[in-house]
Protein chains: 2
Amino acid sequence: MIYPILTAEEAAQFVKNGMNVGVSGFTAPGCPKKVPAAIAALARAEHEAGREFKVNIFSGASTNDATDGELSRSQALNYRTPYQSLGELRNHINAGEVHYNDRHLSELAQEFRYGYYGKMDIAIVEVQSITDDGELVLGTAVGNTPTWLQVADKVIIELNDQLPESIRGLHDIYVPLDPPARREIPIYRAGDRAGTPTAHVDPKKVLGVVRTSEPLGLLSKFTPVDDVTRKIGENVCEFLVNEMRQGRMPKSFLPIQSGVGNIANAVLDALEHSDEIPAFEMYTEVVQDSVLKLLESGHCKFASTCSMTFSREAMMEFFSKPELHDKLLMRPSEISNNPEVIRRIGVVSMNTAIEADIFGNINSSHVSGTRLMNGIGGSGDFTRNAYTSIFLCPSAKNEECISTIVPMVSHVDHTCHSVDIIITDQGVADLRFKDPIQGAEEIIEHAAHPAYRPLLREYLALSKMGHVMQNQDLALSFHRSLALEGDMRKTDYSRFAVK
Amino acid sequence: MIYPILTAEEAAQFVKNGMNVGVSGFTAPGCPKKVPAAIAALARAEHEAGREFKVNIFSGASTNDATDGELSRSQALNYRTPYQSLGELRNHINAGEVHYNDRHLSELAQEFRYGYYGKMDIAIVEVQSITDDGELVLGTAVGNTPTWLQVADKVIIELNDQLPESIRGLHDIYVPLDPPARREIPIYRAGDRAGTPTAHVDPKKVLGVVRTSEPLGLLSKFTPVDDVTRKIGENVCEFLVNEMRQGRMPKSFLPIQSGVGNIANAVLDALEHSDEIPAFEMYTEVVQDSVLKLLESGHCKFASTCSMTFSREAMMEFFSKPELHDKLLMRPSEISNNPEVIRRIGVVSMNTAIEADIFGNINSSHVSGTRLMNGIGGSGDFTRNAYTSIFLCPSAKNEECISTIVPMVSHVDHTCHSVDIIITDQGVADLRFKDPIQGAEEIIEHAAHPAYRPLLREYLALSKMGHVMQNQDLALSFHRSLALEGDMRKTDYSRFAVK
């Protein structure tokens with residue numbers, strides 16, 4: 001190997017205060033596991049010596065504790081994009097200590113190439129192997145890595161010996177040319193390969209290789225299906241079966257996108273156990289353990305993803321079964337989430353909402369309008385371009401103190417124009433064909449929790465008529481009541497009406 | 001000709017109460033000019049006879065007075081989508097008398113084919129010519145006509161002898177297959193032809209032909225450039241020139257999308273008179289008179305559009321100059337506004353906002369959150385997928401009683417994630433790279449009217465900290481003050497704070 005072998009600490013020395021640093025991966029899988037923590041240690045030393053030391057981190061999506069955790073604990077983050085999901089980083093962002101830019105995941109790579117973020121100083125990339133001419137087999141996710149390898153001035157490699165050789169062939173690396181030279185993305189089915197199994201880096205840019213031996217897969221598991229999530233899953237199944245019966249969905253079904261978390265798991269569980277849903281493909285950004293089960297059972301015929309977000313056990317199982325390896329491809333976020341492909345192949349999108357309003361606008365990211373939860377992630381890429389776009393949420397939370405259906409969302413990530421269906425444990429609200437007021441009635445009667453229906457109806461009765469109905473004294477009254485009383489059910493409209 | 005010749009009144013008799021009716025065209029051009037008014041007359045007769053008579057109208061965008069005007073004056077509209085711009089229809093919609101569904105213009109055709117709107121009973125289509133085997137040369141716009149011709153049970157043709165033969169060749173008719181059979185849209189430059197010069201209808205579906213002799217082109221003209229719109233145009237030019245200098249925009253420039261109206265005209269005027277903007281292409285949904293000037297001068301090399309929204313004079317001029325005819329193509333809305341093409345060729349989008357908030361969310365459609373102005377139109381199709389997305393508005397209106405920059409927009413059509421740049425007469429706010437609070441400072445200092453900057457800064461000071469800052473007592477205070485006092489400058493935050 002022509003590259004210098006470095007310790008993580010030696011590699012970290014190349015990183016200077018204020019640098020733009022790209023990291024490989026998408027969610028925890030595929031992220032570098034040693035160098036970011038060494039940068040954090042360097043930052044603490046610099047801070048103790050009275051010197052400023054903060055970096056800007058560009059990733060594929062969220063990262064791991066060694067990156068967002070260590071760097072935020074060390075006050076070493078100045079700027080972060082395009083997504084995150086770690087409690088400590090979230091607190092720093094919400095305190096205004098880290099500048100966080102929430103982006104559609106399909107867009108960051110091209111925006112960086114267009115020059116909107118300046119230059120990238122260093123990329124840190126986990127790989128299974130690297131050749132002397134710069135051919136890389138990546139880890140268990142792709143994210144924005146292929147673009148970081150193109151645009152970064154210098155590259156640090158983490159060579160993880162826990163990545164099995166059989167991962168070669170699971171990646172589909174395709175970086176579009178930029179306008180005016182861009183061509184079509186040649187994907188017409190979830191399983192089509194557009195690019196190459198390996199990524200490429202100019203060997204002259206490689207600062208060195210850090211050898212690691214880090215386990216793959218996630219430690220955390222999602223909590224099991226409960227009554228509410230089970231009911232949501234059943235409602236999704238019933239809706240999709242009816243779409244097929246009514247001829248609105250082809251009998252051959254369409255590729256599914258499904259987000260992360262307990263609700264997504266419950267939905268996949270319900271699809272697996274349905275007698276009427278045929279075997280389907282997935283075109284999505286993450287695959288959880290439930291997708292491995294579907295691949296094994298044959299309910300899922302192919303999974304196109306950006307990341308293998310499996311638990312440690314599921315990861316071991318997947319790599320022990322070579323017969324599954326031609327049923328999965330990992331692509332760059334720019335391709336896994338690409339509007340062109342999503343619209344062309346007719347993806348049915350299913351994403352989780354923090355709250356929805358009665359007019360069908362969705363808040364996916366900000367609790368009470370100010371506190372970032374995780375971010376918009378890929379939900380906008382899929383929702384806007386879906387064949388049918390579905391949002392999922394429980395109708396109420398915190399022992400019914402919080403209604404997820406509100407008069408006006410406190411933060412908008414997806415406008416009503418992109419939302420076809422809202423499904424809760426209460427039922428299915430179908431917004432297609434309807435005007436905003438008809439949509440409001442549909443949502444109140446079919447998606448809202450019964451405890452909140454009278455309050456929501458009263459809001460409409462107190463609202464100013466128009467194409468949309470709104471009362472600007474009361475639009476945010478549910479949120480204000482929650483802040484004042486700890487319970488949205490205690491909303492008293494007379495309290496907020498201005499005399 | 002094998003088709004029965006009908007009067008408009010005879011043709012209207014085929015239309016029954018409750019039918020789904022598709023009309024050709026996109027904005028006034030290309031719309032049927034006689035049959036819709038005859039339907040309106042029929043509706044009035046039916047109403048006088050005590051019978052219900054209302055129809056659902058599906059168009060490309062807004063229509064003409066003979067359609068939306070006559071039908072709404074006759075109380076003959078039950079449902080309308082995907083866009084409108086006529087004062088009388090607007091009033092009926094805002095009074096809750098017409099169900100109006102505001103849609104992204106690129107999406108309606110496919111949603112109809114997917115079955116989301118039921119079946120289409122009748123399509124009414126203006127053409128220049130029709131052959132016995134159903135080959136049609138369309139009028140001065142395409143809109144959703146090719147899909148209506150596919151999905152409608154029956155078709156009524158308006159054969160307008162004022163459409164010159166030389167219009168043949170200006171249309172590019174391409175209807176994508178639906179998932180899972182869809183392929184790429186083969187457009188890589190604004191000028192690429194994807195489809196055929198003619199549309200097609202099954203001759204057995206044609207109920208008959210109504211001969212018309214209706215003038216082409218719009219009567220109304222936009223008001224001339226004034227100080228505010230001139231300043232906005234200059235700011236756009238300055239921004240684009242700087243993007244080229246900084247290497248964020250290719251030296252060869254990129255295709256431009258520009259909306260309708262006075263601000264768009266002022267921007268095109270400024271681009272024409274700039275020494276530094278090279279000749280460019282347009283990939284847009286409408287071309288106004290100012291684009292004809294650009295085509296004649298060579299500043300615009302090619303215009304891809306959905307509609308020729310020229311004045312009567314400009315329409316005459318265009319058809320008298322055959323040398324211009326290979327510089328323009330009219331495509332279906334599904335293609336003119338297609339995310340795949342817009343993102344691939346790198347369109348720079350420029351659209352007008354009704355209001356923007358300090359966090360970069362845009363209201364394009366609803367005055368004070370309730371009253372529909374026109375609709376979202378193509379702004380979302382272009383904005384989300386643009387290389388650079390720009391929103392334009394004057395910083396204040398109505399003698400400064402209204403600030404277009406507000407703490408929270410009263411209706412969201414475009415979320416901050418899709419908004420790169422906001423340009424007013426005050427300057428350029430560049431939101432790229434910035435987090436929400438940095439973005440708010442940028443918008444307040446560079447885009448807001450100076451009379452409103454202290455109030456906007458005070459709002460931030462009174463807001464709850466988080467990734468986004470918000471005060472839920474005061475978020476809509478500008479709008480509430482306008483309603484109470486007729487002047488947003490009179491916003492008194494203490495009035496709205498809940499004790």
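How large is the accessible surface per residue of the protein assembly as shown, computed with a 1.4 Å probe and reported in Å² as a whole number?
The answer is 32 Å² per residue.
Taking beta carbons within 10 Å but only from partner chains, what does the mean come to for residues A:108-115? Can you show the working numbers first?
Values: counts 0, 0, 3, 6, 0, 0, 9, 6.
Counting other chains' Cβ atoms within 10 Å and averaging over A:108-115 gives 3.
If you take every residue apart from B:Q150 with its C-beta less than 15 Å away from the C-beta of B:Q150, what net charge results, scoring Lys and Arg +1 and Asp and Glu -1? Can you show the working numbers first?
Values: positive: B:R113, B:K119, B:K154, B:R182, B:K204, B:K205; negative: B:E111, B:D121, B:E135, B:D153, B:D178, B:D202, B:E334.
The answer is -1.
Can you give me the pair-distance distribution of the range B:166-228, C-alpha pairs, 5 Å bins, whole percents?
For the range B:166-228, the binned pair fractions read 3, 10, 10, 14, 16, 13, 13, 10, 5, 3, 1, 0 percent.
Calculate for chain B the 222 nm mean residue ellipticity that helices alone would give, adding -39,500 (n - 2.57) per DSSP H run of length 4 or more and normalising by residue count, nearest 500 deg cm²/dmol. Let's see the in-between values first.
Details: 17 runs with 144 residues, N = 499.
After summing the helix terms and dividing by the residues of chain B, the value is -8000 deg cm²/dmol.
Comparing the chain by itself with all protein chains present, which residues of the range B:174-190 are at least 20 Å² less accessible (probe 1.4 Å)?
Checking the loss per residue gives B:P179, B:P180, B:R182, B:R183, B:E184, B:Y188, B:R189.
Quick one: work out the % antiparallel among DSSP beta bridges in the protein assembly as shown, nearest 5. Walk me through the numbers before you get to the answer.
Working: 37 of 145 bridges.
Rounded to the nearest five, the antiparallel share is 25 percent.
Evaluate E = 1/(1 + (r/R0)^6) for A:K119 and B:R230, where r is the Cβ-Cβ distance and R0 equals 35 Å; express this FRET efficiency to the nearest 0.05. It would help to have the intermediate numbers written out before the result.
Values: r = 36 Å, r/R0 = 1.03.
With a Förster radius of 35 Å, E is 0.45.
Gap in Å between the Cα centre of the range B:358-429 and the Cα centre of the range A:436-499?
Centre-to-centre distance over Cα atoms comes out at 25 Å.
Work out Dmax and Rg for the protein assembly as shown from the C-alpha atoms and quote the Rg first, both in angstrom.
In Å, with Rg to one decimal and Dmax whole: 28.0, 91.
Provide a list, ordered by number, of residues in the range B:316-362 showing at least 40 Å² less accessible area with every protein chain present than when their chain is taken on its own, using a 1.4 Å probe.
B:P339, B:E340, B:R343, B:R344
Could you give the angle, 0 to 90 degrees to the nearest 10, between helix A:436-446's Cα long axis and the longest principal axis of the Cα atoms of chain A?
Taking the Cα atoms of chain A, the angle to A:436-446 is about 90 degrees.
Taking every alpha carbon pair in the range B:173-291, what does the distance histogram look like in 5 angstrom bins from 0, in percent?
P(r) over the range B:173-291, rounded to whole percents: 2, 8, 13, 15, 14, 12, 12, 10, 7, 4, 3, 0.
Measuring label to label, 7 Å along Cα→Cβ, what does A:G298 give against each other copy in nm, shortest first?
For A:G298, the inter-copy label distances come out at 6.7 nm.
Can you tell me the 0 to 90 degree angle between the C-alpha axis of helix A:227-245 and the longest principal axis of chain A, rounded to 10?
The answer is roughly 80 degrees.
Accessible area of A:E317, 1.4 Å probe, to the nearest 10 Å²?
The value for A:E317 is about 70 Å².
For the range A:1-64, would you read off the P(r) tail past 15 Å as a percentage of all alpha carbon pairs? Could the numbers behind the result be given before it?
Working: 1126 of 2016 pairs.
Tail fraction, whole percent: 56.
For the range A:5-212, calculate the relative contact order in percent as a whole number, restricting contacts to Cα pairs under 8 Å that are 6 or more residues apart. The partial results should precede the final answer.
On the way: 458 pairs, mean separation 49.0, N = 208.
For the range A:5-212, the relative contact order is 24 percent.
I need the phi-derived Karplus couplings for the range A:164-172: 6.51 cos²θ - 1.76 cosθ + 1.60, θ = phi - 60°, integer Hz, Gly and Pro marked x.
Residue by residue, the range A:164-172 yields x, 4, 6, 6, 4, x, 7, 9, 10 Hz.
Quick one: give the max-minus-min coordinate of the C-alpha atoms of the range A:211-273 along each principal axis, largest first, in Å.
On the principal axes, the range A:211-273 reaches 55, 30, 16 Å in Cα extent.
Would you kindly derive the ³J(HN,Hα) couplings of the range A:340-348 from the backbone phi angles with the Karplus curve 6.51 cos²θ - 1.76 cosθ + 1.60 (θ = phi - 60°), listing them in order in whole Hz, with x for Gly and Pro?
4, 6, 4, 5, 5, 8, x, 5, 8
Expressed as a whole percent, how much of the Cα-Cα distance distribution for chain B exceeds 30 Å? Mind dumping the intermediate values first?
Values: 59771 of 124251 pairs.
In whole percent, the long-distance tail amounts to 48.
Taking the label point as lying 7 angstrom from Cα along the Cα-to-Cβ axis, what are the distances from B:M373 to the corresponding position in the remaining copies, in ascending order and in nanometres?
Result, one decimal in nm: 3.2.
In chain B, what percent of the accessible surface is made up of carbon and sulfur (1.4 Å probe, ligands and nucleic acids excluded)?
Heavy-atom surface of chain B belonging to carbon and sulfur, 1.4 Å probe: 50 percent.
Please list, ordered by chain and number, the residues whose modelled amide H lies under 5 Å from the amide H of A:M120; skip anything fewer than 5 residues away on the same chain.
Counting only residues 5 or more places away or on other chains, the set is A:D153.
Check A:N160: other-chain or 5+ apart residues with amide H under 5 Å from its amide H, H built from backbone geometry?
For A:N160, whose amide H was placed from the backbone, the distant partners under 5 Å are A:V127, A:T212.
Using 0.36 nm per residue of separation minus the Cα-Cα distance, give me the extension gain between B:E10 and B:M373 in nm, one decimal.
127.2 nm
Would you mind computing the Rg to Rh ratio of the range B:257-365 from its alpha-carbon coordinates, Kirkwood style for Rh?
Numbers: Rg = 14.5 Å, Rh = 14.8 Å.
Taking Rg over the Kirkwood Rh, I get 0.98.
Between chains B and A, what is the buried accessible area in Å², counting both sides, with a 1.4 Å probe and ligands, DNA and RNA left out, to the nearest 100?
Using a 1.4 Å probe, the pair buries roughly 7600 Å².
Sticking to Cα atoms, compute the Rg of the range A:392-436 to one decimal and its Dmax as the biggest Cα-Cα distance, whole number, in Å.
In order Rg, Dmax, the Cα atoms of the range A:392-436 give 11.5, 34 Å.
Testing the spin-label approximation: label points 7 Å from Cα along Cα→Cβ at A:D178 and B:K499. State their distance in nm.
About 5.8 nm, to one decimal.
Taking the Cα atoms of the range B:5-212 alone, what are Rg (to one decimal) and Dmax (as a whole number) in Å?
16.5, 56
Taking the label point as lying 7 angstrom from Cα along the Cα-to-Cβ axis, what are the distances from B:P450 to the corresponding position in the remaining copies, in ascending order and in nanometres?
Copy-to-copy label distances for B:P450: 6.1 nm.
The values are calculated or read from the model by the stated rules, or taken from the named source; none is laboratory data. No experiment lies behind these values; they were computed from the predicted model shown. FYI the Cβ positions are ideal-geometry reconstructions off the backbone, even for glycines, and counts take in every protein chain you see. Heads up: the accessible areas ignore ligands, DNA and RNA and are worked out on the full protein's heavy atoms, side chains in. Shrake-Rupley method; radii C 1.70, N 1.55, O 1.52, S 1.80 Å.
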